[in-house]
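A short worksheet on the structure shown next.
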Amino acid sequence: MLKAIESSEITKTFGATKALDNISFSVNESEVFGFIGPDGAGKTTLFRIITTLMLPDEGTMKVLGMDCKSEYKELRKNIGYMPGRFSLYQDLSVEENLNFYATVFGTTVEENYELISDIYSHIEPFKKRLAGKLSGGMKQKLALSCALIHKPRLLVLDEPTTGVDAVSRSEFWDMLGKLRQHNITIIVSTPYMDEAIRCDKVALLQNGRILSIDTPQKIRAGFSRKLFAVKSVEKYRLIKTLRKNPEILTAYPFGDSVHVTFINNTLDNCLFEYLAKEGIGDAVIQELEAGIEDRFLELMNKER
Amino acid sequence: MMGNKVITVRNLVKKFGSFVANDNLNFEVSAGEIFGFLGANGAGKTTTIRILSGLSKPTSGEVKVAGFDAYRQTENIKKNIGYMCQKFSLYEDLTVKENIVLFGGIYGMSKSLIRERLVELLANLRFQEYENRIISDLPLGLRQKLAFSVAVLHEPRIVFLDEPTGGVDPITRRQFWEMIYEKAASGITVFVTTHYMDEAEYCDRISIMSEGKIVALDSPEKLKKQYNAPTVEEVFIKIARP
């Protein structure tokens with residue numbers, strides 16, 4: 001399969017901080033590839049290197065078969081980049097922003113309209129409005145249209161869903177899914193673990209290093225233990241009480257339950273008795289499949 | 001749920017000209033409750049929060065926060081609330097200690113009380129070694145925990161948290177929720193706004209706003225049952241847009 005990105009032992013340091021530490025991975029053409037990690041994990045630095053806006057200290061980065069250092073001029077014509085913020089001119093209208101981006105890349109809105117029509121049609125009724133006056137969801141659609149208007153082969157989206165409400169977020173991922181049919185490779189970063197499931201492949205990033213890289217299904221399946229969800233009305237007391245039990249390996253709050261693993265990897269039937277004795281009589285325990293966040297936690301603990 | 005109501009909102013209306021930002025809201029929040037306040041962009045959440053924190057007055061309706069009236073006693077309200085948002089909460093070019101002393105002063109705490117809380121807080125967070133470090137040199141996770149501790153430094157009745165764990169690593173995130181649970185268990189009401197529905201899953205009850213109205217209000221579990229959805233996210237997508 002053709003590779004859209006080949007990263008080999010990329011390292012980047014800012015002062016005492018190692019932003020990227022020996023990063024190697026490859027992205028196949030037409031894939032939706034997610035980089036998932038908290039703030040400060042190195043996502044933006046990596047994307048700046050991929051988009052030729054920054055050079056690594058060590059390692060080589062090839063994008064669309066071109067070297068990011070020596071062939072940056074040609075490469076830039078083929079990349080659409082939506083940075084985390086400030087990708088739109090707030091004091092230009094919707095239409096003016098789009099025309100501006102098309103002109104910069106030596107094309108016209110008409111020429112590639114088909115590619116963006118699905119997305120742009122949502123905001124076209126407001127084309128005279130200043131970009132600064134748009135809602136978060138609308139800004140996001142305009143920024144995506146602008147990043148696509150020169151028909152790039154690689155679309156780079158840095159935290160496109162941060163600060164956007166759940167409905168717009170879901171619509172946004174649907175739009176990315178549709179772009180697949182145009183053979184565009186998409187890399188996207190997000191701090192939100194639940195978005196992993198919308199990607200073909202994901203890399204979990206933490207402190208400048210890749211913890212794991214695979215399909216979301218395989219990453220979840222990589223969780224090494226049986227996992228149980230324990231629920232009680234008194235969540236805080238439940239966590240404290242569970243942690244005191246010597247049979248329990250980990251106990252972490254997850255939404256309305258506590259996710260628990262056991263040292264001998266089976267549900268200890270004495271747990272109900274133990275909890276009741278400690279004054280938690282309403283506990284409900286269920287086995288469940290690990291999610292991406294469970295696996296991320298497990299990998300972080302192994303790194304420590 | 002619990003007896004002691006810390007926020008009472010009855011028939012709250014807030015208009016800007018002819019635009020109705022809050023359209024007859026009714027809800028109550030109890031002491032020690034973790035209450036999630038959700039809604040799409042532009043649903044009217046910010047308007048409500050500004051009123052609940054004494055920064056803006058209702059057009060009509062009855063609003064009481066920590067026992068104080070939102071029309072006439074806004075200064076008392078401000079003294080009884082704390083606020084933390086993900087993006088800005090601490091002065092990055094001051095040290096840990098300087099931030100604590102500064103915020104303690106702003107909250108009108110006495111020097112001896114600030115001193116006492118400083119020692120307590122540093123010990124609780126195992127933060128002693130960071131006392132004289134500049135905020136911008138701290139790892140993000142530590143900053144978040146410190147920001148929360150500072151927001152409740154003056155032991156407010158209510159603390160408002162805006163996307164408190166957005167962008168935080170999974171381990172820090174869990175430690176953060178445990179801090180929130182601990183404060184809630186001590187009686188502080190926690191009022192959470194967020195776009196991230198997995199944060200909403202941690203709340204005792206959530207309300208969902210759409211076009212200035214509250215369209216749902218219950219525990220995450222009951223809402224999921226009612227709308228036959230596996231996650232709060234799906235409940236939200238079903239009802240948050242008209």
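Each reported figure results from applying straightforward, stated rules to the coordinates on display, with no laboratory input. All of these numbers come straight from a predicted model, not from anything done at the bench. Cβ coordinates were reconstructed from backbone atoms using ideal geometry, including for glycine residues, and neighbour counts include every protein chain displayed.
Any idea what the dipole of the stretch B:8-140 comes to, in debye rounded to 20, about its Cα centre with Lys/Arg Cβ at +1 and Asp/Glu Cβ at -1?
Values: 17 positive and 14 negative charges, 92 e Å.
The dipole magnitude comes to about 440 debye.
Rounded, prolate or oblate: which one fits the stretch B:79-174, using the alpha carbon gyration tensor with axes a ≥ b ≥ c (rounded when a/c is under 1.5, else prolate when a/b beats b/c, else oblate)? Intermediate results must be reported in sequence, preceding the final value.
Details: a/c = 1.68, a/b = 1.20, b/c = 1.41.
It comes out oblate by the Cα gyration axes.
Taking H as built 1.01 Å from N, whose amide H comes closer than 5 Å to the amide H of B:Thr59, not counting residues under 5 places away?
Amide H to amide H, under 5 Å and 5 or more residues apart or across chains, B:Thr59 pairs with B:Val13, B:Lys14, B:Lys15.
Within 10 Å of each Cβ of A:157-170, how many other protein chain Cβ atoms are there on average? Could the numbers behind the result be given before it?
Details: counts 0, 0, 1, 0, 2, 6, 7, 3, 14, 18, 11, 4, 5, 4.
Taking all residues of A:157-170 together, the mean is 5.
Given contacts defined as C-alpha pairs under 8 Å and at least six residues apart, what's the relative contact order of the stretch A:121-274, whole-number percent?
On the way: 141 pairs, mean separation 20.5, N = 154.
Across the stretch A:121-274, relative contact order equals 13 percent.
Using a Förster distance of 30 angstrom, determine the FRET efficiency expected from the C-beta separation of B:Glu221 and B:Tyr83, and round it to 0.05.
Numbers: r = 28 Å, r/R0 = 0.94.
For R0 = 30 Å, the calculated efficiency reads 0.60.
From Cα pairs below 8 angstrom and at least 6 apart in sequence, can you work out the relative contact order of the stretch B:90-219, rounded to a whole percent? Let's see the in-between values first.
On the way: 119 pairs, mean separation 25.7, N = 130.
Averaging sequence separation for qualifying contacts and normalising by length gives 20 percent for the stretch B:90-219.
Under 5 Å between amide hydrogens, which residues at least 5 positions from A:Leu288 or on another chain qualify, with H placed 1.01 Å from N in the peptide plane?
So A:Leu288 has HN proximity to A:Leu227, A:Phe228, A:Ala229.
Using just the helices of the protein assembly as shown, give the 222 nm mean residue ellipticity in deg cm²/dmol: DSSP H runs with n ≥ 4 each add -39,500 (n - 2.57), and the total is spread over all residues, rounded to 500.
When only DSSP H runs of four or more count, the value is -9500 deg cm²/dmol.
Quick one: which of A:Lys127/B:Lys14; A:Lys18/A:Lys73; B:Lys14/B:Lys87; B:Lys213/B:Lys238; B:Lys87/B:Lys183; B:Lys5/B:Lys87 span more than 18 angstrom between C-alpha atoms?
Values: A:Lys127/B:Lys14 30 Å; A:Lys18/A:Lys73 28 Å; B:Lys14/B:Lys87 27 Å; B:Lys213/B:Lys238 15 Å; B:Lys87/B:Lys183 22 Å; B:Lys5/B:Lys87 30 Å.
Beyond 18 Å: A:Lys127/B:Lys14; A:Lys18/A:Lys73; B:Lys14/B:Lys87; B:Lys87/B:Lys183; B:Lys5/B:Lys87.
May I ask for the equivalent-ellipsoid semi-axes of the stretch A:186-304, computed as the square root of five times each C-alpha gyration tensor eigenvalue and listed largest first in whole Å?
The answer is 30, 14, 12 Å, longest axis first.
Starting from the Cα coordinates of the stretch A:149-215, work out the convex hull volume and express it per residue in Å³. Don't jump to the answer; show the numbers that get you there.
On the way: hull volume 7.2 nm³, N = 67.
Hull volume normalised by residue count: 107 Å³.
Over chain B, with a Gaussian network built from C-alpha contacts below 10 Å, which listed residue (B:Phe16, B:Phe37, B:Phe160) shows the highest mean-square fluctuation?
Greatest mean-square fluctuation among the candidates belongs to B:Phe16.
If you take each beta carbon of peptide A:246-258 and count the beta carbons of other chains within 10 angstrom, what is the mean? Could the numbers behind the result be given before it?
On the way: counts 0, 0, 0, 0, 1, 1, 7, 10, 7, 12, 10, 2, 1.
If you average over the peptide's residues, the count of other-chain Cβ atoms is 4.
Please identify every one of the trypsin sites (Lys or Arg not before Pro) in the stretch B:99-129 that sits in a loop by DSSP and has no more than 14 other beta carbons within 10 Å of its own beta carbon. The partial results should precede the final answer.
Values: sites: B:Lys111, B:Arg115, B:Arg117, B:Arg126; in loops: B:Arg126.
Qualifying residues, ordered by number: B:Arg126.
Please compute the Kirkwood hydrodynamic radius over the stretch B:23-120, one decimal place, Å, based on all pairs of different Cα atoms.
Details: mean 1/r = 0.0631 Å⁻¹.
The Cα-based Kirkwood calculation yields 15.8 Å.
Which of the three applies to chain A, rounded, prolate or oblate, going by the alpha-carbon gyration tensor with a ≥ b ≥ c and a/c under 1.5 meaning rounded?
Values: a/c = 2.71, a/b = 1.80, b/c = 1.51.
It is prolate, given that a/c is not under 1.5 and a/b is the larger ratio.
For the stretch A:79-154, which GluC sites (Glu not before Pro) are in a loop by DSSP, counting at most 15 other Cβ atoms within 10 Å?
Values: sites: A:Glu95, A:Glu96, A:Glu110, A:Glu111, A:Glu114; in loops: A:Glu110, A:Glu111.
Taking the stretch A:79-154 and a limit of 15 other Cβ atoms within 10 Å, the loop GluC sites (Glu not before Pro) found are A:Glu110, A:Glu111.
For the stretch A:83-120 and the stretch B:167-200, what is the separation of their C-alpha centers, rounded to whole Å?
39
In the P(r) worked out for the stretch B:41-91, what percent of Cα pairs fall beyond 18 Å? Let's see the in-between values first.
Details: 452 of 1275 pairs.
Cα-Cα pairs in the stretch B:41-91 separated by more than 18 Å: 35 percent.
Provide the FRET efficiency to the nearest 0.05 for the A:Glu6-A:Ser117 pair, computing r from the beta carbons and using R0 = 22 Å.
Details: r = 33 Å, r/R0 = 1.48.
Working from the Cβ atoms, E equals 0.10.
I need the phi-derived Karplus couplings for the stretch B:218-228: 6.51 cos²θ - 1.76 cosθ + 1.60, θ = phi - 60°, integer Hz, Gly and Pro marked x.
Values per residue, Gly and Pro as x: 5, 6, x, 4, 5, 5, 5, 5, 4, 9, 6 Hz.
Would you work out which of A:Pro83, A:Leu115, A:Val156 lies farthest towards the positive end of the dipole of the stretch A:53-207, given +1 charges on the beta-carbon of Lys and Arg and -1 on that of Asp and Glu, about the Cα centre?
A:Leu115
Explain nothing, just the number: relative contact order of the stretch A:1-138, from Cα pairs under 8 Å at least 6 residues apart, as a whole percent.
Numbers: 164 pairs, mean separation 27.4, N = 138.
Relative contact order for the stretch A:1-138 comes out at 20 percent.
Considering only Cα-Cα distances, which of the following residue pairs are longer than 32 Å: A:Lys178/A:Lys235; A:Lys277/B:Lys222; A:Lys226/B:Lys224; A:Lys43/A:Lys139; A:Lys240/B:Lys64; B:Lys57/B:Lys224?
The answer is A:Lys178/A:Lys235; A:Lys240/B:Lys64; B:Lys57/B:Lys224.
Picking from B:Gly17, B:Phe68, B:Tyr91, whose Cα lies most toward the positive end of the charge dipole for the stretch B:1-102 (charges on Cβ: Lys, Arg +1; Asp, Glu -1)?
B:Gly17
Quick one: what Rg and Dmax do you get for the protein assembly as shown from the alpha carbons, in Å?
Final numbers for Rg and Dmax: 24.5, 73 Å.
Could I have the simple spin-label model distance between B:Phe27 and B:Glu129, label points 7 Å from Cα toward Cβ, reported in nm to one decimal?
Distance between label points: 4.2 nm.
If Lys and Arg each add +1 and Asp and Glu each add -1, what is the summed charge of the other residues whose beta carbon sits under 12 Å from the beta carbon of B:Pro139?
Numbers: positive: B:Arg133, B:Arg143, B:Lys145; negative: A:Asp39, B:Asp137, B:Asp169.
With Lys, Arg at +1 and Asp, Glu at -1, the neighbours total 0.
Counting other C-beta atoms within 10 Å, which of A:Asp194, A:Asp282, A:Asp158 has the fewest, and how do the rest follow? Please list the in-between numbers first.
On the way: A:Asp194 17, A:Asp282 11, A:Asp158 22.
Neighbour counts put them in this order, fewest first: A:Asp282, A:Asp194, A:Asp158.
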